[in-house]
Amino acid sequence: MTSDKCTVCQDALESSPVTTDCNHSFHKECFVDYLENARRINEYRWHDTDDELRSQLDMNVNCPVCRKPIDEEKYAELEKEVNEKLKST
């Protein structure tokens, strides 16, 4: 299912894309941006949900294509690398 386009921005994938365990491919920057936005949305949902209902929330970050949970720890180094690169530009 690996594609020649980034699943997020739909632009052509050049060198070294990120491919998730569910076999969807992204530009590194697009993937990191997606992870950060998904976490932010989860945080908003957490704060907007009544205390007694919070245990029912799915706080996973899921693949934007197939919705399978993404192992965020697996991509921690990539996230750090991309953020450092962005800071230096």
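Between amide H atoms placed 1.01 Å from N, distances below 5 Å from Val61 occur with Ile70, all of them 5 or more places distant or on a separate chain. Every Cα-Cα pair of the chain was included, and the share exceeding 22 Å stands at 33 percent. Taking the chain as the reference, fit the longest principal axis to its C-alpha atoms, fit the long axis of helix 76-87 to the helix C-alpha atoms, and give the angle between the two in degrees, 0 to 90, nearest 10. Approximately 70 degrees, to the nearest ten.
Counting only alpha carbon atoms, the long axis of helix 28-48 and the longest principal axis of the chain meet at about 10°.
Taking a spot 7 Å from the Cα of Cys66 along the direction of its beta carbon, which residues of the stretch 1-38 have an amide N less than 11 Å from it? Output list for this probe position: 1-2, 20-25. In percent, rounded to a whole number, the relative contact order of the chain is 23, using alpha-carbon pairs under 8 Å and six or more apart.
Values quoted throughout were computed directly from the atomic coordinates according to the rules given, and no laboratory measurement underlies them. Note that the structure is a prediction, hence the values are computed from the model and not measured. So basically every Cβ, Gly included, is an ideal-geometry build from the backbone, and we count neighbours across all protein chains shown.
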